[in-house]
Amino acid sequence: MTPLVDVLTSRYAYVLFALLLGIGLYMIVSSQNLVKKVIGLNLFQTALFLFFIASAYLAGGQAPIVHHGGKEATYVSPLPQVIVLTAIVVGIAVTAVALALLVRIYAEYGTLEEDVLREVRSDD
Amino acid sequence: MTEDPTEGTEANGETSSREANDEPSSTDSQLPTETDAMGPGGTYVESQVIMTTVRVVAPFTFTYGLFLTFHGGGSPGGGFQGGAVVGTTILMIAFAFGIEPTRDWLSNRTVVGLASGGVLAFALIGLLPLLVGGRFLEHAVYSDEFGLYHGKKYALEGVEIVGIAPIVSAIVIGLFFTIAAGFVGQGAAWQSSGPGSYPEHDLDGGDEE
Amino acid sequence: MSPGAIELVLFAFVLLTALATAAFRDVLAAIIVFAAYSLGMAIYYAVLLAPDVAMTEAAIGAGVTTLLLLLTIAKTVRPGRDEIFESIHWSGLLVVGAFTTVILVTVTSFPEIGASDAPIVSNPEVSQYYIEEAYHDTGVENAVTAVLAGYRGFDTFGEAVVVFAAGVATMVVLHTEVFTRD
């Protein structure tokens with residue numbers, strides 16, 4: 001195998017992270033439907049979570065239940081996991097606010113399609 | 001969750017006709033039959049299979065959620081995970097038995113109280129050490145100054161159990177029911193009363209027909 | 001470390017479900033595929049030894065997010081199914097392709113997955129300190145919980161208030177109370 005392929009297979013989770021970021025961003029940029037944009041936002045977010053979790057991983061390690069401390073085993077790093085844990089819960093809260101706004105937009109304009117919405121707004 | 005099952009489909013029909021009149025460019029995407037896929041009334045279809053499954057599974061997921069919350073110190077778990085699982089259990093019940101009956105079963109006071117009480121309890125646990133000259137959320141004060149057995153551990157667990165878990169579960173439940181209420185609230189009022197007759201508070205700067 | 005069989009299967013599953021989410025024009029189909037994606041992601045987190053995160057993602061990502069999205073489309077309309085897939089948005093694809101390429105270039109300079117000399121794991125002052133001292137300092141065995149509610153309790157307090165504020169904001173946006181409306 002070429003060196004580049006070697007480098008990428010040993011960092012496969014980061015490659016997946018980059019591809020998922022791209023897919024999420026593409027959904028945010030190009031979807032006409034606002035619900036799909038919110039899904040894209042969530043996809044983008046989980047890609048970042050994957051980045052954190054993958055960077056904390058240690059081959060041959062254990063999950064960070066450290067019992068009474070000490071060095072009888074090697075553990076993965078708990079810190080990125082804590083960040084992701086809180087970020088997931090904050091993420092759902094933010095998603096819910098976005099969806100509530102979508103419900104309001106629909107009640108106001110009767111559509112969730114971006115191009116239609118732009119027309120309706122320019123008519124006002 | 002409209003009470004009258006025909007109301008939803010009727011409203012959908014009106015919605016699409018309004019679309020067709022107002023926004024010609026969207027006619028291809030707004031067919032009356034599309035939203036009927038969710039069943040009459042929008043979201044709820046009574047299903048024996050789902051109801052029986054939920055009835056069997058719900059006690060276990062609820063207990064599992066409590067276990068995660070209370071045993072977060074010694075095994076994977078904690079307030080965020082346990083609260084999310086407990087909240088999801090309620091959502092599961094609401095999905096199987098209908099959102100309206102579940103809303104009646106739970107009271108507003110319980111959910112709002114859990115969320116606000118969680119924030120207050122978290123703040124209180126954090127502020128108590130200040131009384132004896134400690135710092136905000138300095139859990140060691142509970143064992144050193146207050147003399148509680150394993151005080152610092154129980155203060156930390158207290159933050160998880162009476163602080164984070166109630167907030168997360170109540171907000172998960174509350175968000176679900178709030179978005180569901182938006183449906184039969186303004187959304188349905190707007191749809192069933194037809195175009196041009198919006199509830200006043202709903203359309204401050206809205207479009208004129 | 002090169003990926004094993006489980007990692008490869010998960011890699012393919014997650015990537016395919018993500019692509020399908022982006023490709024489906026029908027929003028309901030996209031939501032269902034996205035739930036499968038979240039579940040795949042949760043399993044991936046578990047494989048990467050993050051059980052706490054995996055449980056939260058399974059409950060919230062695959063469960064609550066899906067339910068909220070379903071509620072939203074049940075309450076609004078979804079586009080017709082005249083085409084199964086979205087048409088490709090070329091200018092968007094170009095920009096996103098450039099962005100992804102830039103990220104992929106930086107990937108080559110990251111440490112390998114699971115390398116024991118990766119700074120985030122081997123750092124004696126940070127990660128190793130928490131692993132060694134968590135039980136002694138806080139009295140709990142789960143280092144994630146110890147950091148969450150102990151070392152970084154103030155931060156978590158902020159997060160809890162953010163979640164609470166989001167609940168309030170949703171009620172304000174929708175002009176409604178949770179249960180008293182009738």
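Read-outs throughout are calculated quantities, based only on the coordinates presented, and are distinct from any laboratory measurement. Since the model is a prediction, treat every value here as computed from it, not as a measurement. Glycine gets a Cβ as well: all are built from the backbone with ideal geometry, and neighbour counts include every protein chain shown.
Against chain A, whose longest principal axis is taken from its Cα atoms, helix A:114-123 shows a tilt of about 40°. Computed from Cα positions, the angle between helix A:12-30 and the longest principal axis of chain A comes to roughly 10 degrees.
When each of C:175, B:139 is scored by the number of other beta-carbon atoms lying within 10 Å, the sequence from fewest to most is C:175, B:139. Working from Cα pairs under 8 Å separated by at least six residues, relative contact order for region B:114-155 is 25 percent.
At a Förster distance of 41 Å, what's the computed FRET efficiency of residue C:136 paired with residue C:47, Cβ-Cβ distance as r, to 0.05? FRET efficiency, residue C:136 to residue C:47: 0.85. Charges were assigned to the Cβ only: +1 to each Lys and Arg, -1 to each Asp and Glu. The resulting dipole of region A:3-123 about its Cα centre is roughly 280 debye. Note on region A:3-123: dipole from Cβ charges, positive end direction compared against A:75, A:15, A:27; the farthest Cα belongs to A:75. When the Debye formula is applied to the Cα atoms of chain A, each taken as the same point scatterer, what base-10 log of I(q)/I(0) results at q = 0.22, 0.23 Å⁻¹? Summing over Cα pairs of chain A leads to -1.21, -1.26.
Our Cα-only numbers for chain C put the radius of gyration and Dmax at 21.1, 62 Å.
Calculated mean residue ellipticity at 222 nm for chain C: -20000 deg cm²/dmol, from DSSP H runs with n ≥ 4 weighted as -39500 (n - 2.57), summed, divided by the residue count and rounded to 500. Classification of region B:46-193 by its C-alpha gyration tensor yields an oblate form. The axis ratio a/c (a ≥ b ≥ c) is 1.5 or more, and b/c is at least a/b. Equivalent-ellipsoid semi-axes for region C:58-145 (Cα gyration tensor, √(5λ), whole Å, largest first): 42, 27, 8. With each label modelled as a point 7 angstrom along the Cα→C-beta vector, the residue C:101-residue A:29 pair spans 1.2 nm.
Across region A:60-124, Cα-Cα pairs more than 14 Å apart make up 73 percent of the total. Compared with the dominant principal axis of the Cα atoms in chain A, helix A:78-109 is inclined by about 10°.
Below 8 Å between Cα atoms, with a sequence gap of 6+, how large is the relative contact order for chain C in percent? For chain C, the relative contact order is 16 percent.
For residue A:75, the residues whose amide H sits under 5 Å from its own are A:62, ignoring neighbours fewer than 5 places away on the same chain, with H placed 1.01 Å from N. Three principal axis extents describe the C-alpha atoms of region C:11-86; from largest down they are 43, 27, 9 Å.
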